[in-house]
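Structure first, commentary second.
The values are calculated or read from the model by the stated rules, or taken from the named source; none is laboratory data. The model shown is predicted, which means the values in this text are computed figures rather than measured ones. Cβ sites come from the backbone with ideal geometry, for glycine too, and all protein chains shown count toward neighbours. With ligands, DNA and RNA removed, areas are computed over all heavy atoms of the protein, side chains included. Shrake-Rupley method; radii C 1.70, N 1.55, O 1.52, S 1.80 Å.
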Amino acid sequence: MTFAFPAAQVEPLRGGPVLRWGVLGPGVIANDFTSTLHADSDQRVVAVGSRSADRAAAFAARHGIPTAHGSYEALVGDPDVDVVYVASPHPQHLDHALLAIAAGKHVLVEKPMTTSAADTRRLATAARDAGVLAMEAMWTRYLPGTTVIARLLADGVLGDVQLATVDVGWPHDPADTTDRMFDPAAGGGALLDAGVYGHWFARFATGAPVTSRTTGAVSHRGVDLQSVTVSTGTGGAQAVVTTSITAWTPGLAMIAGTAATVKYTDHFVFPASFTVHRGGDADRWSEPNGLRGRQGLVWQAAALARYVADGRTDSPVHSLDDAIGVAEALDAARAALDVPQQDTSAP
């Protein structure tokens, strides 16, 4: 008998609420974000801000953005901007998000939301006090396939979850002395870059970790190169998270329950397909929208626009408390490896 998958619970990319976006930090991820917003949705970036006026102007010209600002202060103060997408390097996320929040703007902050749980709590408190929506850009949570799996979990289709496994590894060249991934002052290391996806997935699949143990390797400069974390969630399910910046891994996440098992057949971070295994039966859910790779960044933007239209000040699917919980898991894993924690906030 063919398995009946629940419908994906995503906001339509066209025809729904539209916000005017400002991009803070015109780097690679901001380029991909802006490209998919303009190509695949009704959302529009109306302004970009950088410390370099020339860099902002070049980004604006590339994407047909009407306004380029030569400072972050000018961007967040732009009256035509409804929401600021904070896409600067993650050690700067806190200060830049606080700048936007103080200007009364909603914020979508690239992951990790900050580099520590303490800073993430500070950001959350500021947003709650200001009455604006602050959302971690955990875009994988907003993909259609992820929403289907969330429904399977909520409906008990998998039975009692027993185990989740997830790996995220993208190699970097340690000989490249300019690569920020190997610079502790720049928030380098596998956990803050790739591992944030894996630790989010473990929380998504098995609940908040009650216990965890991490082993791994650290560079001579003090950044984590790779790690394996084994955790136990609130209901007793275990999760294994593997992450690396020294080797490539396929990203084939899995959630195993007493009644069924979900196994990704594509990299789970991106728009992906998966199978549900029940005994000897295997039924495949295939990504139906045709978007690939970072084109999937668009769904989180459409979701945020809906939340703002509905008067929400927190994401109902990846809340500020969830962002804090992920940061706590990263803190614990880094502490287990003796990776120094940094206070990235301005005095």
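Computed quantities for the displayed model
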item	result
Matching residues in region 169-204 - criterion: being under 30 Å from Gly235 (Cα atoms) and of a type in the set (D, E, K, R)	Asp193, Arg203
Condition met for Ala253 (of a type outside the set (Asp, Glu) and within 24 Å of Val228 (Cα to Cα))	yes
Hits in region 103-122 (condition: outside any loop (DSSP other than H, G, I, E, B) and either under 16 Å from the mean Cα position of the chain (by Cα) or under 19 Å from Arg51 (Cβ atoms) (or both))	Val107, Leu108, Val109, Ala117, Thr120
Index of the failed condition, Thr147 passing every other in (1) open to solvent by less than 20 Å² (accessible area, probe 1.4 Å); (2) in contact (Cβ under 8 Å) with a residue 60 or more places away in the chain; (3) farther than 30 Å from Gly257 by Cβ	(3)
Some residue of region 48-59 being assigned to a strand (DSSP E or B), in contact with a His (Cβ under 8 Å, 6 or more places away or on another chain) and without any contact (Cβ under 8 Å) to a residue 40 or more places away in the chain	yes
Count - residues of region 185-212 that are in a helix (DSSP H, G or I) and either aromatic (Phe, Trp, Tyr) or surrounded by fewer than 18 Cβ atoms within 10 Å (Cβ to Cβ) (or both)	6
Residues located in region 219-239, provided they are modelled with pLDDT of 95 or more and hydrophobic (A, V, I, L, M, F, W, C)	Leu225, Val228, Val230, Ala237, Ala239
Restricting region 79-102 to residues that are in a helix (DSSP H, G or I) and within 18 Å of the chain's Cα centre (by Cα), the residue that is surrounded by the fewest Cβ atoms within 10 Å (Cβ to Cβ)	Gln92
Unmet requirement for Gly311, which otherwise passes all of (1) within 15 Å of His106 (Cβ to Cβ); (2) open to solvent by 30 Å² or more (accessible area, probe 1.4 Å); (3) not in a loop (DSSP other than H, G, I, E, B)	(3)
Residue list for region 243-256, filter: in contact with a Gly (Cβ under 9 Å, 6 or more places away or on another chain) and buried (at least 21 other Cβ atoms within 10 Å of the Cβ)	Thr243, Ser244, Ile245, Gly251, Ala253
